[in-house]
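FYI, it's all coordinate maths here, none of it is from the lab. Everything quoted here is computed from the prediction, not taken from an experiment. Cβ atoms come from the backbone with ideal geometry, glycine included; neighbour counts cover every protein chain shown.
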Amino acid sequence: MQFKRAMLVLATAGLMLAGLPALKSIDAEAAFCHNDGSRFDEWRRVIKSEYKGQFKRSTLSKLDKVKYSTKVIRLDRGNKKSFKGTFESFYKRRSNGVAPIARRKIKQYKQYFDKAERQYGVPPELIAAIWGLETAFGTYKGKPLPILESVATLAYDCRRSESLFFPELIAALTIIDRGDIDLHKARGAWAGEIGQTQFLASRYLQAAVDYDGGGVDVFNSAPDVIGSTAKWFAVNGWKRGGDYSEGSSNYRVIMQWNRATLYQKTIPKLAKEIRG
Ligand SMILES: [Ca+2]
């Protein structure tokens, strides 16, 4: 058993910067990680007990229904493989066929792309590149897994302690608590991503917006996906009208979107291909 003290201190600072609820100080003692499912029940009881003042009982009881997912663990361990090879082969594989569809989407949803550019200064081709890369404009479903279960498993697992999945669990519980999405039922990719541009829960809390009325729905509403993705870039330092080539200040924002260098380099290249 390893304690996650340092991680939790960092995580608390990160959440406060993002305007999210702070983690409780006793978490450093209470939250532990483990490398198999044997202590998951105990861990879940600790979380429920520590957070009972912060979340509704109905929210925390969602944790009773999640299992330790060996599938998520297996996929997490195997994840590095998808970012191997040269940039050229990666780019070819990931950008294949995206640009023509992206140009059609930009026309189809012009009023929302225009609104996002006006409001957040983020150009249509950049949003469309992200949308295409993440889920092929919402058409790629894969074999989605229940989001809360994925996030809870990764928060409990030791390997992920550096990448701050515990705050993602707290963010996910916050989303459930607000009544936005039942993340126990909703499904996403194995790391618990939400919606068509694959927001982690903390990103959802930072950036999700309603662009077409009827509430925020980043699973089904293209306008909400466009607005929310643009807002994420804006709140993370995007400069209106600025260049986004490698080395620019906007490229540093792109680097925050995904940790993989190959993926980072793909975004501006594809955006420029879309822009033509
Ligand atoms: Ca909406």
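Only four residue types carry charge here, +1 at the Cβ of Lys and Arg and -1 at the Cβ of Asp and Glu. Report the dipole size of the range 131-212 about the Cα centre in Debye, rounded to the nearest 20.
The calculation lands at about 260 debye.
Taking the highest mean first, how do the peptides 119-128, 238-247, 144-153 order by number of other beta carbon atoms within 10 angstrom per residue?
My ranking of the peptides, most packed first, is 144-153, 119-128, 238-247.
Would you order Val235, Val66 from fewest to most other beta-carbon atoms within 10 Å of each residue's own beta-carbon?
Least crowded to most crowded, the residues run Val235, Val66.
What FRET efficiency comes out for Arg104 versus Lys71 if R0 is 35 angstrom and r is the Cβ-Cβ distance? Round to the nearest 0.05.
0.50
Taking the Cα centre of the chain as origin and charging only Cβ (+1 Lys, Arg; -1 Asp, Glu), how large is the dipole, in debye to the nearest 20?
Once rounded to the nearest 20, the dipole reads 660 debye.
Placing +1 at every Lys and Arg Cβ and -1 at every Asp and Glu Cβ, with all other atoms neutral, what dipole size does the range 61-123 have around its Cα centre, in debye to the nearest 20?
I would put it at about 280 debye.
Answer rounded, prolate or oblate for the chain, using the Cα gyration tensor with square roots of eigenvalues a ≥ b ≥ c: rounded when a/c is under 1.5, else prolate when a/b is larger than b/c, else oblate.
prolate
By per-residue mean of other Cβ atoms within 10 Å, what is the highest-first order of 219-229, 265-275?
The most tightly packed comes first, giving 219-229, 265-275.
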